[in-house]
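Asks: One structure follows; several queries about it will come next.
FYI, it's all coordinate maths here, none of it is from the lab. Bear in mind the structure is a predicted one, so any value in this text is a computation, not a measurement. Glycine gets a Cβ as well: all are built from the backbone with ideal geometry, and neighbour counts include every protein chain shown.
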Ligand code: FEO
Ligand code: CA
Ligand code: CA
Ligand code: CA
C-alpha cells in the first residue's frame, strides 16, 4: 500500500467542478443596479428586504427569548413569538450545543446495523466487510425525512441520504498513514482491494430504518424492522420520463436504456405531495472518467484523465459493477460498453419508504445536473405539481418543474413527475424574474442549435439552460417553500470565483453566501414570471460596503446550505463552511458549523445549535407534532490533518468520544418541557 493523492483538486470533498463556459450574464450589473436603487448599499439589509416584501427592519439585540435580532421581515405576525429560545454562542468544541431547556442524543451513526448479515447485526468496525456495510447505516448523512407510521409522532421511518465517504476513517489499511480526507488505500499495482471498494459503494446511497420512542421517552432505532432497507451505489433502478429508452442511456447493463445500477452523492432530498422520498444525485460526475471525454461530459465535469474520485474502476476483481466507472469506449457500440453510464446519473430518484419492494425510479423529466435536492410547493387539488431544484456548482442555475397533469390527492403518484415542463430561472435587475422553458423546439432549443429531442435537452440540461439565457448563480443549495405564503427561499452558499456582481449575486468573491427568495406570479406557482428579493446576506457584523450582513453575535453565520420551513413557518438554516476554511483565517470567528432559526414574518433570527469539530450540519425534520427534531451531522473530524491522522490524533471523536473514529450521525433534539422545537 502507498499513499496517493492522485489529483489534489479532486480530493476536496466539496469539489464543485466549474464547467459553465457560457456567456450568460453573471448578473453583476443587474444586482448592482437593483441594490443601488433600493438603497441597500447605503441602508443595509433592512432596506433591501423592505423592497418588494415590505415589513419590519433589521434590529439588533440577540439572546433574549422575548426580543431579538431581526432580519428580512416581510410583515407582522400578529405579535406571536415563534422563536422562543435563547441563542447559543459560536461553538468550537467537539460537541453539540443547544439552548437551555433542550436535550440531544445521537442515534443512527454511520456503521450502526439496521439489517442482519448472515444472521448477525454487524456493529461498526474498521474491519467491517462490504457485506457488513450493506446491513449498516451509510456514511456522510445529508438530506433527512421522518415518515410516520400511522401518523405517529413516536413511531416512524427515518430516511436519509449518504452523500460521500471519507475512506481513511473506513479501512484498517489506512490507519497510521498520513492520509488526507479524500485519500484511499491503493495497491502497488494501482488496483484497489475489491472488498474495500464494495464497502465504499455500500456506504453511499440511502438508509431507511424504523425509529420509535420507548416508554421512558427515549428514541431508538429498531434493527431488523421489516421496513429497514439500504439503497446503495449498486441497487437496480428504473429510468422513467422522456430519457427512458433513448439512445443516451443504452448501456451493456441495459441495452434497452430502461434501467441502471445505483445512485451516487445523494445530497439533499425532497418529499413529494404523495409522501414518497426523492434522493438527489449531486457531485456524481467525479465518479466517472473518460479519456475520450465528450463536450457534453465536460460540461458536467466527468474526468478526462487519471482515476475517478475513489478509483472504484480499479477494483482488483475487474467486475463490471466496478469497471463501469471508466466510461472510455471499448466496444463497437454503446451497448457493448459503458460510455453512456454517466447519462444514468444526475437525476432525482424516487423511492417509497413504506414499500420495501419499490424499485427506485430516476425521474428524468426533472433534469440532469448536480441536483442539491428538490423542494415541492404545497400541492393544490386540481393544479399541477410544482417543485424547485438548484444545481450546486459555481455559476450554475435554479430550476422549476411543473407537471403536465394536475394533482389529485386520490390518484397522485410518481407518474406526475414523468411529464411536464422544466424551467430555468432568469433573475432580472428590476426584481422580476422569468422562468425559461427547456422544451425541445422552443426558443433556442432547436436542431439548428444542435438539440435533437426532449431527451437530448434533458440529458444536456446545463447546455440547454445556457442556450436560453439563464442567470448564473452562487451555488444554489437547499430550497424551502413557506407553508402559507408559498414564497420560495434558496440558499446560495458561496462563490469565490465571482468577479462580476449582479443583483441576485451581489458580491464579487462571495465567500460568505446569501439567501434569495421569490414569489411566483400566480398562486399555484405555475406562472412563468416571479418577483424576487434577497432575504439576507451572510457574513461578519461589520459595515463595510462589501459585507452589509448586519448580523449580530447571536446571528452571524456564513455558507448557508440546509433550509427547511417547519409547519409554523420557522425557517431553519444550516451551515456548511468547507473543510478548507472552518476555524481558519476570516472564517475563524464563525466557529464550527451551526443551525439557526428565523421567523420571516417579524425578522427574528437566532442561533439554535452548534456542532462538533470538522463537520457540517445538514438535514432537518420534526415529527408531525413538532416535539422531536431529527438533524444530521456530516463528516465530523474531516479537518484532521494528514499528519495528525497518521499519529491517530483525530480532531473529533464525535459522537462516541474517547479514541473512537468520528462518525456522521443523526441527532434527536427534544425540549425538556415537551414543547415544540424552536418555541
Ligand atoms: Fe452537497 Fe451542495 O451540498
Ligand atoms: Ca459539504
Ligand atoms: Ca448541501
Ligand atoms: Ca454544501
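Asks: Equivalent-ellipsoid semi-axes (√(5λ), Cα gyration tensor) for segment 516-662, whole Å, largest first?
Replies: They are 32, 20, 14 Å, listed from largest to smallest.
Asks: Another one. Work out how far the C-alpha atoms of segment 116-183 reach from end to end along every principal axis, then list the three figures in whole Å, largest first.
Replies: Taking max minus min along each principal axis of the Cα atoms, segment 116-183 gives 49, 30, 15 Å.
Asks: Next question, about the same structure. Mean shadow of segment 281-374, computed from the convex hull of its alpha carbons, in nm²?
Replies: 7.4
Asks: Here's a follow-up. Counting pairwise Cα distances across the chain, what percent come out greater than 47 angstrom?
Replies: Of all Cα-Cα pairs in the chain, 10 percent lie more than 47 Å apart.
Asks: If you don't mind, another one. Hey, what number do you get for the chain at 222 nm if only DSSP H runs of n ≥ 4 count, each worth -39500 (n - 2.57), divided across all residues, to the nearest 500?
Replies: Computed ellipticity for the chain at 222 nm equals -2500 deg cm²/dmol.
Asks: For 278, 458, which order do you get if you count the other beta carbons within 10 Å of each Cβ and list the fewest first?
Replies: Lowest to highest Cβ neighbour count: 458, 278.
Asks: With the Cα gyration tensor of segment 480-546 in hand, convert its eigenvalues to equivalent ellipsoid semi-axes via √(5λ) and list them largest first in whole Å.
Replies: 26, 13, 9
Asks: Rg and Dmax in Å for segment 162-209, alpha carbons only: what are they?
Replies: Final numbers for Rg and Dmax: 11.7, 40 Å.
Asks: Using the Cα atoms of segment 121-160, I'd like the radius of gyration and the largest Cα-Cα distance, Dmax, both in angstrom.
Replies: Here Rg and the maximum Cα pair distance are 13.5, 39 Å.
Asks: Sort all Cα-Cα distances of segment 408-552 into consecutive 10 angstrom bins from zero, then give the percent of pairs in each bin up to the one containing the longest distance.
Replies: 10, 32, 34, 18, 5, 0
Asks: Something else now. Give me the Å³ per residue figure for the convex hull around the C-alpha atoms of segment 101-256.
Replies: 199
Asks: Which Rg and Dmax, in Å, describe the Cα atoms of segment 209-286?
Replies: 17.1, 57
Asks: Here is a follow-up. Can you divide the C-alpha Rg of segment 366-405 by 2.2 N^0.38 Å and report the result to two decimal places?
Replies: For segment 366-405, the normalised Cα radius of gyration comes out at 1.28.
Asks: Hey, another quick one. With no solvent and one equal point scatterer per Cα, compute the Debye intensity ratio I(q)/I(0) for segment 287-336 at 0.19, 0.22, 0.25 Å⁻¹ and report its log10, rounded to two decimals.
Replies: One equal scatterer on each Cα of segment 287-336 leads to -0.61, -0.80, -0.97.
Asks: Based on a Kirkwood Rh over C-alpha pairs, give the Stokes-Einstein translational diffusion coefficient of segment 164-262 at 10 °C and viscosity 1.306 mPa s in µm²/s.
Replies: It comes out at roughly 93 µm²/s.
Asks: Taking 37 °C and 0.692 mPa s as the conditions, I'd like the Stokes-Einstein D for segment 584-632 in µm²/s, using the Kirkwood hydrodynamic radius from alpha carbon pairs.
Replies: D, rounded to a whole number, is 259 µm²/s.
Asks: How would 671, 556, 359 line up from fewest to most surrounding beta-carbon atoms within 10 angstrom?
Replies: Least to most surrounded, the residues fall as 359, 671, 556.
Asks: Evaluate segment 611-662: find the radius of gyration of its Cα atoms, find its Kirkwood radius, and give the ratio Rg to Rh.
Replies: 1.15
Asks: When you have a sec, figure out the Kirkwood radius of segment 240-338 from all distinct Cα pair distances and drop it here in Å to one decimal?
Replies: After inverting the mean inverse Cα-Cα distance, the result is 14.8 Å.
Asks: Provide Rg over Rh for segment 440-509; use the alpha carbon set for both Rg and the Kirkwood Rh (inverse mean inverse pair distance).
Replies: 1.09
Asks: Would segment 343-427 count as rounded, prolate or oblate if I go by the C-alpha gyration tensor, calling it rounded below 1.5 in a/c and otherwise prolate when a/b exceeds b/c, oblate otherwise?
Replies: Taking the square roots of the gyration eigenvalues as a ≥ b ≥ c, segment 343-427 is oblate.
Asks: Right, another one. So for 23, 418, 81, fewest C-beta neighbours within 10 Å to most, what's the order?
Replies: 23, 81, 418
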